[in-house]
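Visitor: Here it is: the structure, laid out below.
The values are calculated or read from the model by the stated rules, or taken from the named source; none is laboratory data. Just so it is clear, the model here is predicted, and its values are computed rather than measured. Backbone-built Cβ (ideal geometry, glycine too); neighbour counts: all protein chains shown. Side chains are part of the model used for accessible areas, which takes the heavy atoms of the whole protein and leaves out ligands, DNA and RNA. Shrake-Rupley method; radii C 1.70, N 1.55, O 1.52, S 1.80 Å.
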Amino acid sequence: QIFHQHNAEAPNLEQAFHRMAQMEPNLEHDVSWFLLPSYWAKMVVALISFLCFANSYDGDFVFDDSEAIINNKDLRAETPLGDLWYHDFWGSKLSSNTSHKSYRPLTVLTFRINYLFAGGFYPVGFHVINIILHCTISVLMVDVFSILLGGLQFSNKGRRLNLAPKSSLLAALLFAVHPVHTECVAGIVGRADLLCALFFLLSFLGYCKAFRENKEGHTFSVFWVLVSVILGAIAMLCKEQGITILGLNAVFDALVINKINLLELIRKLLFKDKSLEHAGLLRKGLLFRITLLMCGGASILYIRWRIMGTGPPAFTEVDNPASFADSLFVRAINYNYYYSLNAWLLLCPWWLCFDWSMGCIPLIKSVSDWRIIALAALWFCLIGLICQALCSEDSHKRRILTLGLGFLIIPFLPASNLFFRVGFVIAERVIYLPSIGYCILFTYGFSLLSKQAKKKKILAVAVLGILLINVMRCALRSSQWRSEEQLFRSALSVCPLNAKVHYNVGKNLADKGNQSAAIKYYREAVRLNPKYVHAMNNLGNILKERNELHEAEELLSLAVQIQPDFAAAWMNLGIVQNSLRRFEEAEQSYWTAIKHRKKYPDCYYNLGRLYADLNRHIDALNAWRNATVLKPEHSLAWNNMIILLDNTGNLAQAEAVGREALELIPNDHSLMFSLANVLGKSQKYKESEALFLKAIKANPNAASYHGNLAVLYHRWGNLDLAKKHYEVSLKLDPMAPGTKENYNLLRRKLEQLQKKGG
């Protein structure tokens, strides 16, 4: 549907557009930059954006990737596709009290497609898609910036004109190489921000298409306005920030399409000027389009609210300490300080960190804190820009500054803590969209400097230097995101007070087996945050393995005291108490863990071990059975059931359990070994031999496998084969219990047989 705009009291808008092009100062004339054809400009932007992040293509899954991808059941084929619409970004039900309410089903769908095409969790495909998305977005930025900086005009054939080719190229390059984007591109979970930005820009460009001119005058298409709303909805289904494009489209419509002077409009509204209809607000079509945008946005938010529910997301004080401050003054001061730090990351993206929580930025609690200067500087700059955007007599300047501020501030509002509490202090990924506004303001500032500068080439070289430094910084930061070790260690110099940084470095070292170094970082994490229960739990685990049981018990007891529903800490406390032979306390700890986490197979397994130590065989078998019901692939629980039944003489039952286990886990050599022992005792030698050989093939260096097969051959009468496997077993483990005695018995028997034969 096409609505034609004609106004007898106003000049034809098509003519007004052309007059504007002649009368307004030309941004291009002032910009000392390269002039390239549109196609080549886009190729250059694509190539440079690719070079910035290309070295992240073969990186690992790091940081949040584990929870959002590897541990997310929504990626697996057995999870119905429909579940994606009722789960959050991390795979939890939106109705759950523990859900973060991050509703991004389309992003999760792309992860699922990646997983299916790759045939598993291979990070290369995930990284390549992220790099391609950023390159695509950077190319689209050339068109977006040409509109924002040069205005929206069309040729007689309806083709959009690029009136700012040099400025749009510079702004797009600034966006493409900004180091703050590294988290979005090199971190796979940043896919949400990339997809959101893609549809955000497509929504804006779609809205611009609604105003193509034709011979009958300036027109607008309801179809393209509706397409823009739909693309905005898709952007929000990728990440929450996407909804803000509808507000920006309305701002763009008012400032660029209807050329409203905001200051003049405010004055007329305040003084109830009768000429208000001439101010542009009531021009035919504007209110209709804004109504469409508002109705679309309200509908999207209502549907999301219905799916998500009314409960707020569950965050803790360590995630966002300022939001938990009792004083409104402290909250306001710290929120504004966070805004200033986000602005600084855009201006000087040198200190980058994967996580800014847990003491990384101590709270400002007094006006005597020197960091108040940062707030003053931020608001001084913002107020100056706002005054220029409202009061300047230059309409071109007003338009660019207002659009720049709009694209800087409006996409940031969902992360501002103004409307709801967010789960972070600073997150570099949320600056991806606001950086559009920064690039507009930077480019416009560069044009003003170029206009005043006598040596324009020096200024152009300086900007080239900034771009080159950013490219190198992107490449360096991308390499840090390739592995968790590099990523976590890079944060130590940026946020040395961040307990989570020390925790993650410690965890990474512990996973690699370097327990001594891990202890050092876990202790520092607990020192920085004495309520950091996860660090206490992990440190307690390591101390338990090193047999430092009393300190381990102290740490784990403190962890469950701080967080009484911490099931993992209760289970680990039970293990320590069991090792200290305080069996009743251990049993109580295990049951408390199960109370707080109903489906906890590992805890049932450990409970079964406790009952086995106490000779409560029926209870042990029931506990291990529960573990295998909750986790059918729980090999240790199956093995312990087989061994306990074998040791208590229940060979038939042991055989049945062993066969059941092997049906579920057919390639587990330890299960083959346990069942082979049972079959050997039941004199099913042939079947037992086959399982022993299969287990040995899977794990040829297990001395016990060869030793028990030798015992089987010994019983069976295959003495030569028995001798061979006894010798292999003793070679692998000369101290293997019982093997040397059995081997000596066999040798004596062979000697006796030889004497008889002689």
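Visitor: Among Trp351, Trp370, which is more than 30 Å from Ala233 (Cα to Cα) and touching a residue at least 60 places away in the same chain (Cβ under 8 Å)?
Guide: Just a single option satisfies the conditions, and that option is Trp351.
Visitor: Surrounded by 22 or more Cβ atoms within 10 Å (Cβ to Cβ) and of a type in the set (S, T, N, Q): does that describe Asn547?
Guide: For Asn547, the condition - surrounded by 22 or more Cβ atoms within 10 Å (Cβ to Cβ) and of a type in the set (S, T, N, Q) - is not met.
Visitor: Please tell me if Ala186 is over 23 Å from Val62 (Cβ atoms), open to solvent by less than 20 Å² (accessible area, probe 1.4 Å) and of a type in the set (Gly, Ala, Ser). Don't jump to the end; show me each part of the working.
Guide: Working: over 23 Å from Val62 (Cβ atoms): no; open to solvent by less than 20 Å² (accessible area, probe 1.4 Å): yes; of a type in the set (Gly, Ala, Ser): yes.
Considered against the rule, which asks whether it is over 23 Å from Val62 (Cβ atoms), open to solvent by less than 20 Å² (accessible area, probe 1.4 Å) and of a type in the set (Gly, Ala, Ser), Ala186 comes out as no.
Visitor: Would you say Leu610 is more than 31 Å from the chain's Cα centre (by Cα), without any contact (Cβ under 8 Å) to a residue 40 or more places away in the chain and either closer than 27 Å to Leu497 by Cα or part of a helix (DSSP H, G or I) (or both)?
Guide: Yes, satisfied.
Quick grid of which residues meet (1) under 19 Å from Val318 (Cα atoms); (2) over 32 Å from the mean Cα position of the chain (by Cα):
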site	(1), (2)
Asn537	yes, no
Leu543	no, no
His550	no, yes
Glu554	no, yes
Ile562	yes, no
Ala567	no, no
Trp570	no, no
Gln577	no, yes
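Visitor: Restricting attention to the stretch 391-404, which residues are of a type in the set (A, V, I, L, M, F, W, C) and open to solvent by 50 Å² or more (accessible area, probe 1.4 Å)? Steps first, please.
Guide: Taking the stretch 391-404 first, the residues of a type in the set (A, V, I, L, M, F, W, C) are 391, 400-401, 403.
Across the stretch 391-404, the qualifying residue is only Cys391.
Visitor: Listed residues Ala235, Ala176; which is surrounded by 23 or more Cβ atoms within 10 Å (Cβ to Cβ), in contact with a Cys (Cβ under 6 Å, 6 or more places away or on another chain), modelled with pLDDT of 90 or more and among the small types (Gly, Ala, Ser)? Spell out how you get there, then give the answer.
Guide: Working: Ala176 fails: in contact with a Cys (Cβ under 6 Å, 6 or more places away or on another chain).
After applying the criteria, what remains is Ala235.
Visitor: What do you reckon, is Gln486 touching a Leu at 6+ places or on another chain (Cβ under 7 Å) and not charged (D, E, K, R)? Break it down into steps so the answer makes sense when it comes.
Guide: Numbers: touching a Leu at 6+ places or on another chain (Cβ under 7 Å): no; not charged (D, E, K, R): yes.
For Gln486, the condition - touching a Leu at 6+ places or on another chain (Cβ under 7 Å) and not charged (D, E, K, R) - is not met.
Visitor: What are the residues in the stretch 103-157 that are without any contact (Cβ under 8 Å) to a residue 60 or more places away in the chain and either among the basic types (Lys, Arg) or at positive phi (or both), if any?
Guide: Arg112, Gly119, Gly120, Lys157 - these are the residues of the stretch 103-157 that are without any contact (Cβ under 8 Å) to a residue 60 or more places away in the chain and either among the basic types (Lys, Arg) or at positive phi (or both).
Visitor: Hand me the list of helices (runs of 4 or more DSSP H) wholly inside the stretch 613-725 holding 2 or more residues that are closer than 30 Å to Glu587 by Cβ and open to solvent by 70 Å² or more (accessible area, probe 1.4 Å).
Guide: Of the helices (runs of 4 or more DSSP H) lying wholly inside the stretch 613-725, those with at least 2 residues that are closer than 30 Å to Glu587 by Cβ and open to solvent by 70 Å² or more (accessible area, probe 1.4 Å) span 617-630, 635-647, 651-664.
Visitor: Just the residues that are aromatic (Phe, Trp, Tyr) and within 30 Å of Ala499 (Cα to Cα), please, taken from the stretch 285-334.
Guide: Residues satisfying the conditions are Phe315, Phe324, Phe329.
Visitor: Out of curiosity, is Asp58 surrounded by fewer than 16 Cβ atoms within 10 Å (Cβ to Cβ), at pLDDT 90 or above and more than 14 Å from Ala172 (Cβ to Cβ)?
Guide: Values: surrounded by fewer than 16 Cβ atoms within 10 Å (Cβ to Cβ): yes; at pLDDT 90 or above: yes; more than 14 Å from Ala172 (Cβ to Cβ): yes.
Yes, satisfied.
Visitor: Moving on to the next point. Within 15 Å of Phe204 (Cβ to Cβ), out of contact with any Lys or Arg (no Cβ under 8 Å at 6 or more places or on another chain) and modelled with pLDDT of 95 or more: does that describe Ile257? So that I can check it myself, show each step before the final result.
Guide: Working: within 15 Å of Phe204 (Cβ to Cβ): yes; out of contact with any Lys or Arg (no Cβ under 8 Å at 6 or more places or on another chain): yes; modelled with pLDDT of 95 or more: no.
For Ile257, the condition - within 15 Å of Phe204 (Cβ to Cβ), out of contact with any Lys or Arg (no Cβ under 8 Å at 6 or more places or on another chain) and modelled with pLDDT of 95 or more - is not met.
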